[in-house]
1. Being within 30 Å of residue 424 (Cβ to Cβ) and in contact with a Leu (Cβ under 7 Å, 6 or more places away or on another chain): is that true of residue 243 here?
2. Got a sec? Which of 273, 286, 219 is buried (at least 24 other Cβ atoms within 10 Å of the Cβ), out of contact with any strand residue (DSSP E or B) (no Cβ under 6 Å at 6 or more places or on another chain), under 25 Å from residue 43 (Cβ atoms) and in contact (Cβ under 8 Å) with a residue 60 or more places away in the chain?
3. Residue 413 is checked against (1) more than 30 Å from residue 251 (Cα to Cα); (2) without any contact (Cβ under 8 Å) to a residue 60 or more places away in the chain; (3) touching a helix residue (DSSP H, G or I) at 6+ places or on another chain (Cβ under 9 Å) and fails just one. What number does that condition carry?
4. Have a look at 292, 331, 278 and point out the one that is closer than 26 Å to residue 83 by Cα, of a type in the set (Val, Ile, Thr) and in contact with a Pro (Cβ under 8 Å, 6 or more places away or on another chain).
5. Does residue 380 satisfy the condition of being of a type in the set (Phe, Trp, Tyr) and either crowded, with 23+ Cβ neighbours inside 10 Å or touching a strand residue (DSSP E or B) at 6+ places or on another chain (Cβ under 9 Å) (or both)?
6. Among the listed residues 160, 196, identify the single one that is away from the ligand (no atom under 16 Å from the Cβ), touching a residue at least 40 places away in the same chain (Cβ under 8 Å) and β-branched (Val, Ile, Thr).
7. List the helices (runs of 4 or more DSSP H) inside segment 218-337, counting only whole elements, that have at least 3 residues being among the aromatic types (Phe, Trp, Tyr).
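The values are calculated or read from the model by the stated rules, or taken from the named source; none is laboratory data. Given the structure is predicted, the values throughout are model-derived calculations rather than measurements. When we count neighbours, we look across all protein chains shown, and the Cβ atoms used for this are built from the backbone with ideal geometry, even at glycine.
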Amino acid sequence: MSHISGNDNRDSFGSKFGVIAATAGSAVGLGNIWRFPYIAGENGGGAFLIIYLLFIILIGLPVMLSELTIGRSTQRNPFGAFRALKPGQKWFWVGVMGIAAAFMINAFYSVVAGWTLEYLVKAVTDQFSGKAPGEIVGQFNSFQATGWRPLMWTISFIVISGSVVMTGVEKGIEKFTKVLMPILVVLIVILDIRAITLPGASEGLKFLFEPDFSKITGASILEALGQAFFSLSIGMGTLITYGSYINKKENLGQATVAVAFTDTIIAILAGVAIFPAVFAFGISPASGPDLVFLTLPNIFSQMAGGYIFGLLFFFLLTVAALTSTISILEVVVAYFSEELNMSRKKATILASVGIAVLGILSSLSLHKAPGISIAGVNLFGVLEFVSSNVLLPLGGLLIVVFVAWLFGKKHLKEELTSFGLYKASYYRIYLFIIRYIAPFAIALVLMNSIGIIRF
Ligand code: TRP
């Protein structure tokens with residue numbers, strides 16, 4: 001028995017694979033295929049990868065497990081979960097922060113998901129074959145120069161993800177993910193093979209796998225931390241919400257490891273497709289958010305079956321983006337509907353309109369109207385930085401501190417073992433990490449980046 005009774009009429013994920021698939025569907029998305037390569041490219045490659053992996057293990061896994069635990073034990077949205085566990089205390093602010101982060105992330109995420117839709121259309125209409133690298137760059141720039149096209153796609157994407165969330169958890173999220181994700185992985189592996197057999201590919205592999213720690217700065221350590229949070233979907237309560245739909249018999253520890261492993265492998269596989277191509281086609285690895293869109297079409301242009309692979313790839317990338325945004329939107333909608341008693345429909349529409357406004361502004365700020373900026377950084381970059389590098393780590397810090405010191409050891413052990421069903425032999429090390437390692441590591445990185453301390 002959980003010490004807080006959940007509502008019995010809540011949706012829940014159907015099967016074991018359903019849980020892992022839905023959680024992995026949240027984790028795997030543009031974060032792996034668009035953001036990981038571009039952030040790694042801006043931060044020097046190999047050394048960044050090592051720090052990133054370290055953060056996944058030491059901070060990512062424990063935060064993920066902590067979120068799932070809070071969610072499943074309370075069966076509530078993040079805001080309600082904290083209020084149920086510590087009534088009358090300020091912990092619900094973690095939920096409030098999460099909702100702010102959810103808006104910001106969905107806004108810039110939908111912009112890039114919009115580009116993916118444009119590229120799906122380009123792939124369907126066979127615009128990549130026979131194109132030289134310069135023409136591929138030209139395609140991206142003229143797409144951005146239209147001004148209206150990126151906005152149209154961003155709004156379309158927001159409408160699509162809103163419609164899925166409106167239909168509810170089980171039907172909306174689970175079905176998609178199970179079938180399509182494995183196909184995406186196979187496709188990326190095929191792209192890897194093409195990429196590493198390109199002339200000049202070895203430069204790219206060196207860039208990604210040969211660490212050069214002289215390239216690491218305080219700022220790049222923070223980027224690695226932010227990317228670890230972003231990619232695993234942690235720090236803002238997405239996985240509290242998903243945890244709340246997980247059956248009491250599921251093994252949370254096992255699900256955590258499976259999801260984090262899958263997510264990390266896919267990011268690395270994406271890097272192995274991108275960087276060899278980046279060097280082979282003479283693109284700058286530090287091209288920023290545009291990087292993947294300047295690079296991938298070249299691979300399709302130069303591979304047997306490029307038309308069909310390109311089309312499949314951008315379709316599956318759109319689906320991967322969709323299963324991620326719906327998990328973010330779900331946080332806001334669960335809050336609006338469960339705490340503010342709104343209908344699911346009204347909650348979804350309200351959230352989507354807010355996201356659309358912020359999304360349009362951040363889209364314009366990237367290419368068309370760089371004047372939309374704060375302290376000299378375009379709005380898109382500001383939303384990315386504040387959500388990934390500040391709000392998520394801060395949320396993660398509070399979440400692990402909460403589980404480590406306030407959740408109650410007995411209660412924690414009950415959740416991790418599913419009330420004696422599993423051994424959870426990792427319990428002691430997990431508790432040690434969330435007590436003494438993860439919070440300090442996060443705090444150090446944050447303080448280092450605002451200059452309170454210097455490594
Ligand atoms: N992890 C997803 C990706 O890599 C994005 C995402 C989904 C996310 N839910 C989140 C990021 C919650 C942060 C928090 O594309």
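1. Against the criterion (within 30 Å of residue 424 (Cβ to Cβ) and in contact with a Leu (Cβ under 7 Å, 6 or more places away or on another chain)), residue 243 qualifies.
2. Going through 273, 286, 219 in turn, the sole match is 273.
3. Here residue 413 meets the rest and fails (1).
4. 331
5. Against the criterion (of a type in the set (Phe, Trp, Tyr) and either crowded, with 23+ Cβ neighbours inside 10 Å or touching a strand residue (DSSP E or B) at 6+ places or on another chain (Cβ under 9 Å) (or both)), residue 380 qualifies.
6. Step by step, each of 160, 196 is checked, and only 196 is away from the ligand (no atom under 16 Å from the Cβ), touching a residue at least 40 places away in the same chain (Cβ under 8 Å) and β-branched (Val, Ile, Thr).
7. Correct list: 252-280.
Conditions (1) among the hydrophobic types (A, V, I, L, M, F, W, C); (2) over 14 Å from residue 235 (Cβ atoms); (3) outside any helix (DSSP H, G or I), marked per residue:
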{"site": "358", "(1), (2), (3)": "yes, yes, no"}
{"site": "365", "(1), (2), (3)": "no, yes, no"}
{"site": "381", "(1), (2), (3)": "no, yes, no"}
{"site": "386", "(1), (2), (3)": "yes, no, no"}
{"site": "392", "(1), (2), (3)": "yes, no, no"}
{"site": "425", "(1), (2), (3)": "no, yes, yes"}
{"site": "431", "(1), (2), (3)": "yes, yes, no"}
{"site": "442", "(1), (2), (3)": "yes, no, no"}
